[in-house]
Amino acid sequence: MAYRDRKSTQIKGALLLALLRLTYWLPQSVSRYISWFFSYFNYLINGKATKIVRKNLQIAYPELSQVEINQHIRDFLRQNAYLTHEIATAWLGEKSNIASKMTRVVNQSLIDDVIAQDKPLIIAVLHLGNWEFCWHWIQMTYPAFGMYQPAKFKQIDRYVLQAREMFGGQAFATDPKGIMGLLKALKKREGIMTILPDQAPREGAGIYTPFFNHPAYTMTLLHKFLQKSQARLLFANCIRLPDGKSFEVQIEAPDFDYTNSEVEFFNQQLNLQIESIIKQNPAQYQWSYKRFKRQPEGQNPYQSL
């Protein structure tokens, strides 16, 4: 049985890699049309992927009618259709091709000011727009490092890890040794550290904090890094522009006291700012992610989907 499972995983990984390469070589318009077709078909039959998006939007926007929720779903699907080709480009593309997509940068001086003061810096990047391109912009522009969680399939993992480091960045594993390495590099100011703060952490690595007024298991690691390193905090996101081909890198300062030693206060304010950022471009947020899968009483809002 173990051999069959291993063989099945290898076959799936090989097929996924072949699909990734095909997607990369296809024109973006063709890739986007194919992605949109299958996503919209899933929407029409109310498939599981659509149900997850719907559930997340209902949790985040309980005041909206079903008609309004459906419009949000269609807006999300239109934006999400771009991601298939974009992710393939982020993992397989060349530097000149990727760099050319970031046509505008807003508030880059916020980063430069911290560097000029020789202070450690952590940049929080959301699952908004294209987070892979955002990481590429950071590592192409500054010395940078961040956490890396191995992909499920080994054939894909090699390209994902390569993408994390192809333009000078450094990837640390999401294990205790890797976390200690991150903290050491941060304290020594070896570069900008990036972190994705809007995903559910492993059990024991978070606390329940309101997110769109609903309990969400939120990481405590960012707060620990800030407290132990006295680092500055900024937010950065790579937002897709209306032409669907280019991006604007948006840098934003925290609007709360991120030096507060109380993790409950920090996480509450963190999630409020994340909400504010999402509301500026809600269609580009990854509503397909099961953000509320862990709940205080153990219930799973996605279980019946």
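The figures follow:
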quantity: Order of SER96, SER276 - criterion: other Cβ atoms within 10 Å of each residue's Cβ, fewest first; calculated: SER96, SER276
quantity: Per-residue Cβ neighbour rank within 10 angstrom, fewest leading, ILE11, ILE98, ILE192; calculated: ILE11, ILE98, ILE192
quantity: Of LYS55/LYS293; LYS48/LYS293; LYS154/LYS293, pairs whose Cα-Cα distance is over 22 Å; calculated: LYS154/LYS293
quantity: Excluding exposed DSSP-loop GluC sites (Glu not before Pro) (at most 16 other C-beta within 10 Å), longest clean stretch of the chain; calculated: 95-189
quantity: Residue order, fewest to most surrounding Cβ atoms within 10 angstrom, among ASP198, ASP118, ASP175; calculated: ASP118, ASP175, ASP198
quantity: Under-5 Å amide H pairs with TYR285, H placed in peptide plane, nonlocal only; calculated: GLY129
quantity: Viscosity 0.890 mPa s, 25 °C: Kirkwood-radius Stokes-Einstein D of the range 185-250 over Cα pairs, µm²/s; calculated: 171
quantity: Set of lysines with alpha-carbon distance to LYS119 below 23 Å, sequence-local pairs under 8 removed; calculated: LYS184, LYS187, LYS188, LYS224, LYS228
quantity: Percentage relative contact order, the chain, counting C-alpha pairs under 8 Å, at least six apart; calculated: 24
quantity: Residue-by-residue Karplus 3J(HN,Hα) for the range 273-282, coefficients 6.51, -1.76, 1.60, Hz, glycine and proline x; calculated: 6, 4, 4, 4, 5, 4, 5, 6, 9, x
quantity: For the chain, built as a Gaussian network whose Cα springs stay under 10 Å, the top-fluctuating residue of LEU270, LEU22, LEU161; calculated: LEU22
quantity: Alpha-carbon spread of the range 164-276, three principal axes, descending order, Å; calculated: 42, 36, 26
quantity: ³J(HN,Hα), Karplus 6.51/-1.76/1.60, whole Hz, each residue of the range 287-302, x for Gly, Pro; calculated: 5, 7, 8, 7, 5, 9, 5, 9, 10, x, 8, x, 6, 10, x, 9
quantity: Eligible lysines near LYS101 by straight Cα distance, threshold 25 Å, same-chain separation 8 or greater; calculated: LYS245, LYS279
quantity: Cα-only Debye scattering, the range 2-284: base-10 log of I(q)/I(0) at q = 0.08, 0.16 Å⁻¹; calculated: -0.36, -1.50
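FYI, it's all coordinate maths here, none of it is from the lab. Computed from a predicted structure; not experimentally measured. Quick reminder, even Gly has a Cβ in these numbers, built from the backbone with ideal geometry, and neighbours come from all protein chains shown.
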